[in-house]
Amino acid sequence: MNRSKGQMKSIICFIDDSVFEHDLVQSEIGPSAPDLEFVQAYTFEEARKALGKKVPALFLLDLWGKDEDVVKPYLSPKEELKTKIEKIPSLDQVYEGLDDFEGDVANEYLKRLFAVVDGWRSLFEEVCARIGQNRKYGLRNLRKARESYSIVPAVFYTRKSLISDAVAIFKAGADGLFIKPTGSSDAETRRLTRDYAPQLITELRKIMASNPNHP
């Protein structure tokens, strides 16, 4: 698929379901690449309409978003979460008996620590499923992008991705995965995003340049 005549700037099409993320791209990332045009949308259908006859050089996709199949999303009750958290290994359990452990102490330590991480990961996925947030959103947008713009590379730009998500997106044929900077507040996230923007743009340029159909 060739670009339409008169299209000067390479286009990065950003699809995300968050108003805050769209503002970060517009205000903190876009200024780092004045030679690029960012077309932003909340769904693939919106993106297709905004692009018109233009062909993007790359799709930048959020992964986690609203799952329309979840009819009645709800927040997990606090007391229920407290009960589940109590079942996750504590730091005391991680360090218990390590000084007297016979064998590979470093490996045992990491196994115990990972049990803590894995417990929180499982709880996070469960909570997200209840509120109707999962990777179906991003994978659907990837599938639609592949169907309509088969030669255009597509990468994910996400904050909540887990190992299982990485496996799923590469199995689905994504061209890359980038992690959104995350601060302790929106203001810090904004600053970190601004600092990360040049590096992100550099990596996106490499992916676009590697596409033989990219001018």
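Rule-based calculations on the coordinates, nothing more; no lab input. Since we're looking at a predicted model, the values are computed, not measured. When we count neighbours, we look across all protein chains shown, and the Cβ atoms used for this are built from the backbone with ideal geometry, even at glycine.
Note: the stretch 78-130, Cα convex hull, 63 Å³ per residue. Considering every alpha-carbon pair of the stretch 1-115, the percent of pairs per 10 Å bin, from zero through the bin containing the longest distance, is 11, 24, 17, 16, 19, 11, 2, 0.
Give the longest segment of the chain that steers clear of chymotrypsin sites (Phe, Trp or Tyr not before Pro) in DSSP loops with at most 15 neighbouring Cβ atoms within 10 Å, not counting the sites themselves.
Here the longest segment lacking exposed loop sites spans 102-215.
Among beta bridges from DSSP that stay inside the chain, the antiparallel ones total about 10%. Shape annotation for the stretch 167-215: C-alpha extents along the principal axes are 39, 28, 10 Å, from largest to smallest.
How large is the Kirkwood hydrodynamic radius of the stretch 133-215, in angstrom, based on all distinct alpha carbon pairs? Let's see the in-between values first.
On the way: mean 1/r = 0.0709 Å⁻¹.
Final number for the Kirkwood radius of the stretch 133-215 is 14.1 Å.
Between the Cα long axis of helix 186-210 and the first principal axis of the chain there is an angle of about 60°, rounded to the nearest 10. The modelled label-to-label distance for the pair Ser185/Ser90, using points 7 Å beyond Cα in the direction of Cβ, is 3.2 nm.
If you take every residue apart from Pro89 with its C-beta less than 11 Å away from the C-beta of Pro89, what net charge results, scoring Lys and Arg +1 and Asp and Glu -1? Within the 11 Å Cβ shell, the charges total -1. Within the stretch 58-149, all pairs of alpha-carbon atoms sorted by distance into 5 Å bins from zero give the percentages 2, 12, 15, 13, 12, 11, 11, 9, 8, 4, 2, 0, 0.
Check cross-link reach from Lys144 to the lysines: straight Cα distance under 27 Å, and skip same-chain residues fewer than eight apart. Those lysines meeting the cut-off are Lys5, Lys9, Lys49, Lys53, Lys54, Lys66, Lys72, Lys136, Lys160, Lys171, Lys180, Lys206.
With a simple spin-label model that places each label point 7 Å from the Cα along the Cα-to-Cβ direction, the separation between Lys54 and Leu110 comes to 4.6 nm. Between the helical axis of 136-148 and the longest alpha-carbon principal axis of the chain there is an angle of about 30 degrees.
Over all directions, what mean area does the Cα convex hull of the chain project, stated in square nanometres?
On the way: hull surface 60.6 nm².
Averaging across all directions leaves 15.1 nm² for the Cα convex hull.
Extension gain for Arg143-Ile163 works out to 5.2 nm (0.36 nm per residue, less the C-alpha to C-alpha distance).
Give, as a single signed number, the net charge of other residues whose beta carbon lies under 13 Å from the beta carbon of Pro153, with Lys and Arg counted +1 and Asp and Glu -1. In short, +1. Every helix of 4 or more DSSP H residues in the chain counts as -39500 (n - 2.57), and over all residues that averages to -15000 deg cm²/dmol at 222 nm. Of the trypsin sites (Lys or Arg not before Pro) found in the stretch 78-143, the ones in coil according to DSSP and having at most 10 other Cβ atoms within 10 Å of their Cβ are Lys87. Rounded to the nearest 10 degrees, the inclination of helix 105-130 to the longest alpha-carbon principal axis of the chain is 60 degrees.
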